[in-house]
Structure formats: C-alpha cells, structure tokens
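Heads up, the thing below is written out as structure tokens.
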Amino acid sequence: MIAYHHQTDFKIEDASKYTDWISRCIDLYNCTAGPIEYVFTSDEELLGINQKHLNHDYYTDIITFQYSGPPELSGEIYISIDRVRDNAETFNESFERELKRVMIHGILHLLGFTDGTDLEKAEMRNREDELIEMFHVKH
C-alpha cells in the first residue's frame, strides 16, 4: 500500500498514476509494495529530521527510512518540496520530473541501492532515468 501525506500546501495530483507507476517499478525488481508512506514536507521539517535522526546539519531533498527490504518493501519517504523546486531550477528540469526523480530515488533505497560513492550515484541516476521513463507507459 502506497500512501501520500502532505505537510505543506503541495498536493500530489492524480495520486493513482503515481501509485501505479511506483508499483510497476517495484515489480521490475520482483518485489511488492508493503506499507510505503510518502510525506511531502518543507526544508525546515526535513532539516529537523536530518538533525534528529541522522545527525546531519544540512538541507536535503529526501530521507528514506526502510522498515523492511526485498522482497516486500516498507518504509517512510520524506521529501522536501522546497528542495525539489530548487533542484528543478538548478538542474533546468521541470518540477514534475524532479519530483518523480526524488520519489523513485526513495524506492531505489528501499530496494537496497545506495549512493555513497560516485559510481553508486551514477548507477542510481541511470536507474532513476530509466524508471522515470516508465511513468506514462501503460501497464
């Protein structure tokens, strides 16, 4: 079950399209979606989570808490809408594409992928790009 929670004025439009897309992406890895909670929040809220739970004192676009890994994924994915907007502008991307990138980035973390090294970051980016392209593909 994939759920969406909003702690800002941002509201995800047509959540069923996102749920379908995320479920298909998870299926590609022969996994299923257990309880996955997306929480759309602000820079300040995510900074507080980053400081409290990870001892990091900086802004980030996403924090993923994994509760169970493959084959049934479960966790909470916190996304700063402020960072997504800023990153879209910085990288000359649409807000929608950047949002999809961050959303699927969280799923890749739940699948066990990491991005601690340059090589891992490049692999993660390639996987994100491939999965974003699946958004408009009908199942």
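The values are calculated or read from the model by the stated rules, or taken from the named source; none is laboratory data. Quantities reported herein were computed from a predicted structural model and do not represent experimental measurements. With ideal geometry, Cβ positions are generated from the backbone for all residues, glycine too; neighbour counts draw on all protein chains shown.
Has segment 57-76 got at least one residue that is loosely packed, with under 15 Cβ neighbours inside 10 Å, part of a helix (DSSP H, G or I), at pLDDT below 95 and not β-branched (V, I, T)? No - not one qualifying residue is present in segment 57-76.
Within segment 116-125, is even one residue of a type in the set (G, A, S) and farther than 23 Å from E72 by Cα? Please lay out each step first, then the result.
The first filter runs over segment 116-125 and keeps only residues of a type in the set (G, A, S), leaving 116, 122.
Right, trim to farther than 23 Å from E72 by Cα and you get 116, 122.
Yes, because at least one residue in segment 116-125 is of a type in the set (G, A, S) and farther than 23 Å from E72 by Cα.
Among the residues of segment 84-112, those identified as in a loop (DSSP other than H, G, I, E, B) and free of Cβ contacts under 8 Å to residues at least 24 places away in the same chain are F91, N92, E93, S94. Quick check on my filter: what residues within segment 29-56 are without any contact (Cβ under 8 Å) to a residue 40 or more places away in the chain, surrounded by 13 or more Cβ atoms within 10 Å (Cβ to Cβ) and assigned to a helix (DSSP H, G or I)? Across segment 29-56, the qualifying residues are E45, L46, L47, I49, N50. One residue stands out among those in segment 113-136 that are in a loop (DSSP other than H, G, I, E, B) and in contact (Cβ under 8 Å) with a residue 60 or more places away in the chain: the one that is nearest to L28 (Cα to Cα), which is M134. Based on this model, can you work out whether H109 counts as of a type outside the set (S, T, Y) and at pLDDT below 95? No, not satisfied.
H136 - would you say it is at pLDDT below 95 and either surrounded by 11 or more Cβ atoms within 10 Å (Cβ to Cβ) or not small (G, A, S) (or both)? Spelling it out, H136 is indeed at pLDDT below 95 and either surrounded by 11 or more Cβ atoms within 10 Å (Cβ to Cβ) or not small (G, A, S) (or both). Taking the criterion of being surrounded by 12 or more Cβ atoms within 10 Å (Cβ to Cβ) and touching an Asp or Glu at 6+ places or on another chain (Cβ under 6 Å), the residues of segment 106-133 that qualify are K121, M124.
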